[in-house]
Amino acid sequence: MSSDVALVHGDVSNGNIMMNKNNQMFLLDWEDAFYANKDYDLLYWLTFLSQKNYKYDDIKDYVSLSRDE
């Protein structure tokens, strides 16, 4: 399996993302998970940015977490 392939969530949207009071992020609802390019979830979520008024600060933690190896 290529190093670019990973288990991805498959349905990253604001309804499936929660943060606790310590700013730890959690993804809920993993029933659509599958193996794909490791950037799939980030790109899927970014499709929602065009529909709402998000700012860079809204996604920077998610991006940094997706790049941790």
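Below, the figures for the structure above:
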quantity: Pair list, Cβ under 8 Å, 6 or more apart: the stretch 1-26 residue closer than 21 Å to Asp39 by Cβ, other residue of a type in the set (Lys, Arg); calculated: Asp4/Lys38; Val5/Lys38; Ala6/Lys38; Val8/Lys38
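Residue by residue, here is whether (1) part of a loop (DSSP other than H, G, I, E, B); (2) surrounded by 10 or more Cβ atoms within 10 Å (Cβ to Cβ); (3) at pLDDT 90 or above holds:
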{"position": "Ser3", "(1), (2), (3)": "yes, no, no"}
{"position": "Ala6", "(1), (2), (3)": "no, yes, yes"}
{"position": "Asn23", "(1), (2), (3)": "yes, no, no"}
{"position": "Tyr35", "(1), (2), (3)": "no, yes, yes"}
{"position": "Leu43", "(1), (2), (3)": "no, yes, no"}
{"position": "Ser50", "(1), (2), (3)": "no, no, no"}
{"position": "Ile59", "(1), (2), (3)": "no, yes, no"}
{"position": "Tyr62", "(1), (2), (3)": "no, yes, no"}
{"position": "Ser66", "(1), (2), (3)": "no, yes, no"}
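The values are calculated or read from the model by the stated rules, or taken from the named source; none is laboratory data. Fair warning: this is a prediction, and the values are worked out from it, not measured in the lab. Virtual Cβ from ideal backbone geometry, glycine too; neighbours counted across all protein chains shown.
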